[in-house]
Amino acid sequence: MYYDNETLIYFKGNFVKAKDAGMDLYGQSLHYGYSVFEGIKSYNTDSGTRIFKAKEHYERLKRSAELMYIPFDYSVSELTDLTYELLERNGFTDAYIRPLVTCSPNMSLSKGKESYLSLLAWEWSNGYLADKMKIMTSGFQRPNPNAFKVEAKVGGHYVNSILACQDAKDKGYDEALLLDEYGNVAESSGANIFYEKNGTLFTPAKGSILPGITRQTVFEICSELNIPVKETFFKPEEMRGADAAFFCGTAAEIVGLDSLDNVPFTKNWKDTASEKVQQAYLKLVRSSVVVNI
Ligand code: PMP
């Protein structure tokens, strides 16, 4: 599903066939989840294939490595160029790109000694999430910021995401909404959240969330469209039954939510500010002009 016999990846300094790339069983990343990664999308635009917010994603990858004491010295422009080359070699336009930084063999609980960059990509032309998702407040909390560097995108953090997402699915929902240690709304297993009341958007403040690049893009779209938006801490009861709500993330893009804990969001999606943000986002990612927002 992710690759075939011909798919090329960038692996340890070379473009190689995905099927020929081996994984080191003694690597620190495999044993301890001690890796950093990104999720990026490229789109077909009027002026060719464009990687959306490549700079922001690669800056975050470098920052994640730094926060985890993983040595990693590729520059943002090297990473961007390699990614365009990977897309071209595979003939991909609309794709999901997964850069992954793993560490060399080391069974001890010490910082990474040497790191390896892998760049994987697969074709992806429409989002994986259905609109109108039914979500539930999860019993699984987000990782405690005193235990993890939650603003870094680290492999091991996603064990928490898997637990929460699978639990929600087992209970008949589409996704989980995780709270922080104080019971405030944080985010889903792999996306940020906004809700709308009387034309204003609200989203959890930083602290226990991965501050998403799409979340930042939503702020920028709101400022363009004069939609008021507030970053604040709030409990699930404050957003239950609100006018509308959505998840946002690189993979999810902007996905409208149907209900939280079976309490529906009340406004017709088409009449919400959230829908305007969704339309603006869809336009922006396919725009051939590299705009600042
Ligand atoms: N939160 C989590 C836990 C995520 O995995 C993601 C996806 N990277 C996001 C939020 C959204 O981040 P972005 O908009 O940068 O994709």
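By the Cα gyration tensor, the stretch 216-264 has an equivalent ellipsoid whose semi-axes, rounded to whole angstrom, run 21, 14, 10 from largest to smallest.
Can you give the Rg/Rh ratio of the chain, where Rg is from the C-alpha atoms and Rh is the Kirkwood radius?
Details: Rg = 19.3 Å, Rh = 19.9 Å.
For the chain, the value is 0.97.
Legend: distances between Cα atoms for K55/K197; K132/K276; K134/K270; K113/K153; K53/K169; K111/K149; pairs beyond 21 Å are K55/K197; K53/K169. Semi-axes of the equivalent ellipsoid of the stretch 231-293 are 26, 13, 10 Å, computed as sqrt(5λ) over the eigenvalues of the C-alpha gyration tensor in descending order. Remark: the stretch 8-123 carries a charge dipole of roughly 260 debye about the Cα centre, counting +1 on each Lys and Arg Cβ and -1 on each Asp and Glu Cβ. Each of G22, Y43, Y69 was scored by the projection of its Cα onto the charge dipole of the stretch 8-123, and the greatest displacement toward the positive side belongs to Y69; charges sit on the C-beta of Lys, Arg, Asp and Glu.
The stretch 34-110 and the stretch 156-222 have Cα centres separated by 23 Å.
Quickly estimate the mean residue ellipticity at 222 nm for the chain, helices only: each DSSP H run with n ≥ 4 gives -39500 (n - 2.57), and the total goes over all residues, rounded to 500. The partial results should precede the final answer.
Working: 7 runs with 77 residues, N = 293.
Taking each H run of at least 4 residues, the total per residue is -8000 deg cm²/dmol.
With a Förster radius of 25 Å, plug the Cβ-Cβ distance of D170 and M1 into 1/(1 + (r/R0)^6) and report the FRET value to the nearest 0.05. Please report the intermediate quantities before stating the final value.
Working: r = 23 Å, r/R0 = 0.90.
Calculated value: 0.65.
From Cα pairs below 8 angstrom and at least 6 apart in sequence, can you work out the relative contact order of the chain, rounded to a whole percent? If you can, show how the numbers build up before the last one.
Working: 598 pairs, mean separation 52.8, N = 293.
It comes to 18 percent, rounded to a whole number.
Counting alpha carbon pairs within less than 8 Å and at least 6 residues apart, what relative contact order, in whole percent, applies to the stretch 8-123? Walk me through the numbers on the way to the answer.
Working: 202 pairs, mean separation 44.0, N = 116.
The value is 38 percent.
Basic side chains Lys and Arg get +1 at the Cβ, acidic Asp and Glu get -1 at the Cβ, and with that the dipole of the chain about its Cα centre reaches some 260 debye.
To one decimal place, what orientation-averaged projected area in nm² is obtained for the convex hull of the Cα set of the stretch 133-285?
8.2
Over all projection directions, the Cα-based convex hull of the stretch 8-123 averages an area of 6.9 nm². Judged by the mean number of other Cβ atoms found within 10 Å, the most tightly packed of the peptides 259-271, 200-212 leads the ranking 200-212, 259-271.
No lab work stands behind these numbers, since they all come straight from the coordinates. What you see is a predicted model, and the numbers here were worked out from it, not measured in a lab. In this analysis, Cβ positions are derived from the backbone assuming ideal geometry, glycine residues included, and neighbour counts consider all displayed protein chains.
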